[in-house]
Amino acid sequence: MRVAAAQNARATAEVALAEANKALLKEETLRRSQELEVKDRRGKIERLRKQMETATSAAQIAALEHEIAFSEQAIVKLEDDEIASMERTERYEGERDRATLQLEVTTAALAAQRVRALDIKTQHTASIAAIEAERGATRARIAEAPLSVYDRIAKAKGTGLSEAVDHKCAACQMVVRPQRWNDLTGRDHDGQIFTCETCGRMLYYDPRRDAPVRWAAGERLTGSTPTAQ
Ligand SMILES: [Zn+2]
């Protein structure tokens, strides 16, 4: 999950950077065309001034002056637009710098999260191996008969054990008959295995439920090695 969040953050920074670069390119292209147009207008004004030198009538001169003034106004407008474009460029450059930094930060964060995820996976793999080893050692201590009963129920039901709670099998919720309950929870039948008469799971009883005391974290219920019923 943290890796996915880090990936999203990095992707967002990447998009922001791409958008800033795209906007910068657009402004550059716009200014190039504005500069070309200014150059054209200036050339035109120069040609118009040359024509003025050879103009013969007042009307002709007035028309040329009018055209020159028109081009001069156009140049003023283009230069204003160019300044506005440069201001936008400055803003986009700021956005680009922030996005670049953000991309660096999120890239590093993603790498850190990937390392962390790998660490967790390694830890879990080790935990699983330890549990498997413990399971193997535990199975080796249990007699073959109850182990085969357990394996058969576990295979059929998904779980081979069920806690007996409040006169019921916690897995199938069926009532454990009073005599059976007494035998299960009493001291006279230690080492005997009781199964649920309905679902067949092996029942275990945790006396902590009846005698609430503080148990240390991770402390387990230990008992004698079960034998066949
Ligand atoms: Zn049951």
When the stretch 43-95 is checked residue by residue, the ones that are of a type in the set (Gly, Ala, Ser) and either touching a residue at least 24 places away in the same chain (Cβ under 8 Å) or assigned to a helix (DSSP H, G or I) (or both) are GLY43, ALA58, ALA59, ALA62, ALA63, ALA69, SER71, ALA74, ALA84, SER85, GLY94
Flagged pairs (Cβ under 9 angstrom, 6 or more apart or on separate chains; first in the stretch 152-164, without any contact (Cβ under 8 Å) to a residue 40 or more places away in the chain; second small (Gly, Ala, Ser) and more than 10 Å from the ligand (Cβ to nearest atom)) are ARG152/GLY160; ALA154/GLY160
Residues of the stretch 148-183 being in contact with a strand residue (DSSP E or B) (Cβ under 9 Å, 6 or more places away or on another chain), of a type in the set (Lys, Arg) and assigned to a helix (DSSP H, G or I), in sequence order, are ARG180
Taking the stretch 192-210 and the residues there that are more than 12 Å from the ligand (Cβ to nearest atom) and in a loop (DSSP other than H, G, I, E, B), the one that is farthest from THR159 (Cα to Cα) would be ASP210
Picking from ALA140, ALA130, the residue that is farther than 30 Å from GLN179 by Cβ and either open to solvent by less than 70 Å² (accessible area, probe 1.4 Å) or outside any helix (DSSP H, G or I) (or both) would be ALA130
Among the residues of the stretch 140-191, the number that are away from the ligand (no atom under 12 Å from the Cβ), among the hydroxyl-bearing types (Ser, Thr, Tyr) and at pLDDT 90 or above is 2
Within the stretch 150-199, residues more than 44 Å from the chain's Cα centre (by Cα), open to solvent by 30 Å² or more (accessible area, probe 1.4 Å) and β-branched (Val, Ile, Thr) come out as VAL175, THR185, THR195, THR198
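The values are calculated or read from the model by the stated rules, or taken from the named source; none is laboratory data. Source: prediction; values computed, not measured. Please note: Cβ atoms are built from the backbone with ideal geometry, for glycine as well, and neighbour counts cover all protein chains shown. These area figures cover heavy atoms from the full protein model, side chains too; ligands, DNA and RNA do not enter into them. Shrake-Rupley method; radii C 1.70, N 1.55, O 1.52, S 1.80 Å.
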